[in-house]
Amino acid sequence: MAAAERYLQMNARELRLELEERYAAYSACLDEERFEDWPAFFTDDCIYKIIPRENVERGLPLATWFCEGRAGLLDRVVAIRKTMMYAPRYVRRLVTGLRIVGWEGETLAVRANYLALETLLDEPTRIFNCGEYRDRLAVVGGELRFREKLCVFDSLLVPNSVIFPL
Amino acid sequence: MEVRQAHQWPAQGIARVPFWIYSDPGIYALEQERIFCGPSWSYVALAVEIPRPGDFKRTFIGEKPVVVVRDADGAINVFENRCAHRGVQFCRKHLGNAAEIVCPYHQWTYDLKGNLIGVPFRRGVKKQGGMPADFDPKDHGLRVLKTHVRNGVVFASFAAALEPFADYLGESMLKLFDRVFDGREIEVLGYSRQLIPANWKLMFENIKDPYHASLLHVFLVSFGLFRADSPSKCQMDATGRHGALISWKGEEKRTDDHADMRAFHDGFKLSDQKMLQPVREFPEYTVVMTTLWPNLIIQQQSNTLAMRQLVPRGPSAFELAWTFFGYADDDAEMRTRRLRQANLMGPAGYVSADDSEVMKLSQEGVQPYPDAIGVMEMGGRDWHDEPHIVTETVIRGFYDYYRKVMEL
């Protein structure tokens, strides 16, 4: 609780700095393909979704990618490493326009724009997916972790496949 | 349209596929004309997507944009998404509602049956201009397509005359269709759209080829969802244009056959077991993947149901538009189950992402080698229903019909 207290008492500027660090670490983890480290950014009971904006706007529940709990994230990591067949690629995530919506109890609501760029062999880098993170973070183990992370994307027509997390 | 002399189908017939069919612009144009605008029933919508009068859905048949509209009488009409005046594609939203259709350019206005009901300045302005006196709006309505609705699924055709839908599907395909669309109200769970950089036929080949599933899809095999030794069969209609891959739960034992499956990892276990806890929902079969000529795949993989609509975008790409659904009377548990199992499918699907990736690789291999020829001899060189899935028979059936339609 004491740790949560520390975040609750931070002023907006301090909190923003903390969050920017956190989001930069999250992007770096994925950009560098350290997928095994990815679940550690989440709480055990997390929800992670990549979901088309049109579904959200129509109140439709279907997500393109839907993980429940850290166990669900781990399964995706195993799939990326062991089961799925895909062409080699780089994906780089740019996160900007971070907005602190505010505390809801001990959960912090945050929104940010993201842009994921994809580079495939023989093709110039392209915009792969652009959207908004709609996140809720909780303080666990002395740090802010995602209890819920929704990647709500504008890029409705997905260029081929979504293999790596956003 | 003339087919180049070089474009002769190999003498071995349907046991071969010449690679120029995947990239030649002339072939592609001929496909648009004969297949998508020909005497075929194309899938366009689920009726439940447009429940109220004025509801519309924007979609495509082949490359041609069309709109599916429910009119004031509750009937469903399909017409070209092209103003009869100067050709503007007037409808620009995936889904919506409108009392009438107004083209934004000169505000020609149509009712929900496609009749032209308003032409601004028709009588001129201050006695100047205006349409000729004999201009008759009746002659300038939207082009209306033939439409058929079966158990909540809407099909349409550009052809003026074609078989009744039930005959078009044939008895065995109709039975499989009615198994999922049994008259219960459908509930749309959501959409997914992907642009796959491959020729549209590669998608059909993929779903008509059950033998790749136990080899490419490590996930399916590892978690026991699909195996070459599961009881299964392939079924087609009398023409070969429609097909279905069917499998059900049996008693699988570990055998030497698994040695051929690079895929097989004995030790795999999901961390999140909830994701895959299928329950028996339909009689007999656990998986039925149906391909309906010319643009639809009906997916029933355990409890994940979806329509996958193919929209060709030139010879080297197609859009795959997924509509995931369940039934209005699903309980909360079933709904959640469907949403969890949807992880198998779509652009990020544990299973189907392998397919979109491999289709891209196919296109990258066949396009630079149009004169090379593919081999399809697994399970024989002809096509007929089979009581197993170690076969390419359904692809051969598809190409038998394709060659007739295309005169290749």
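Here are the numbers:
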read-out: Exposure ranking of A:Glu18, B:Glu357 by accessible area [1.4 Å probe, largest first]; value: A:Glu18, B:Glu357
read-out: Cut-off 10 Å between beta-carbons: net charge of the residues surrounding B:Gly96, Lys and Arg +1, Asp and Glu -1; value: +3
read-out: Residue-level accessible surface for A:Asp75, protein heavy atoms, 1.4 Å, Å²; value: 10 Å²
read-out: Electrostatic dipole magnitude of the protein assembly as shown [Cβ: Lys, Arg +1; Asp, Glu -1; Cα centre; debye, to 20]; value: 1600 debye
read-out: Residues of type aspartates and glutamates that A:Lys149 reaches as a straight line, Cα spacing below 12 Å, ignoring anything fewer than 8 places off in the same chain; value: A:Asp45, A:Glu68, A:Glu132, A:Asp135
read-out: Probe 1.4 Å - accessible area at B:Trp383, Å² to nearest ten; value: 60 Å²
read-out: For the protein assembly as shown, accessible area per residue (1.4 Å probe, heavy atoms of protein chains only), Å²; value: 42 Å²
read-out: Leading residue at positive end of dipole, the protein assembly as shown (Cβ point charges), from A:Phe66, B:Tyr399, A:Leu108; value: A:Leu108
read-out: Within-12-Å neighbourhood charge of B:Ala72 [Cβ basis; K, R +1; D, E -1]; value: -2
read-out: Proximal lysines to B:Lys201, defined as alpha-carbon separation beneath 19 angstrom and excluding residues fewer than eight positions away on the same chain; value: B:Lys64, B:Lys360, B:Lys404
read-out: Where B:Met359, B:Met378 fall by accessible area, highest first, once all protein chains stay in place (1.4 Å); value: B:Met378, B:Met359
read-out: Separation of alpha-carbon centers, the range B:98-116 and the range B:170-212, rounded to whole Å; value: 33 Å
read-out: Chains B and A together, accessible area buried on both sides, 1.4 angstrom probe, square angstrom; value: 3300 Å²
read-out: Carbon + sulfur, % of accessible area of chain A - ligands and nucleic acids excluded, 1.4 Å; value: 52 percent
read-out: Charge context of B:Gly380, other residues only, Cβ under 11 angstrom, K/R +1, D/E -1; value: -2
read-out: Accessible area, probe 1.4 Å, largest first, for residues A:Arg76, B:Arg16; value: B:Arg16, A:Arg76
read-out: Chain-alone versus full-assembly comparison, the range B:342-357, residues with accessible loss of at least 50 Å² (1.4 Å probe); value: B:Asn343, B:Pro347, B:Ala348, B:Tyr350, B:Glu357
read-out: Cα-based helix-to-principal-axis angle, A:69-78 vs chain A, degrees rounded to 10; value: 30 degrees
read-out: For the protein assembly as shown, cysteines whose Cβ has no other cysteine Cβ within reach (under 4.7 Å); value: A:Cys29, A:Cys46, A:Cys67, A:Cys130, A:Cys151, B:Cys37, B:Cys91, B:Cys234
read-out: Reach of B:Lys269 by Cα under 24 Å, taken over lysines that are not fewer than 8 positions away in the same chain; value: A:Lys49, A:Lys82, B:Lys249, B:Lys253
read-out: In Å², nearest 10: area of B:Leu169 left accessible to a 1.4 Å probe; value: 0 Å²
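The values are calculated or read from the model by the stated rules, or taken from the named source; none is laboratory data. Computed from a predicted model, the values in this text were never measured in an experiment. No Cβ is skipped: glycine too gets one built from the backbone with ideal geometry, and neighbour counts run over all protein chains shown. Note: areas computed on protein heavy atoms with side chains; ligands, DNA, RNA excluded. Shrake-Rupley method; radii C 1.70, N 1.55, O 1.52, S 1.80 Å.
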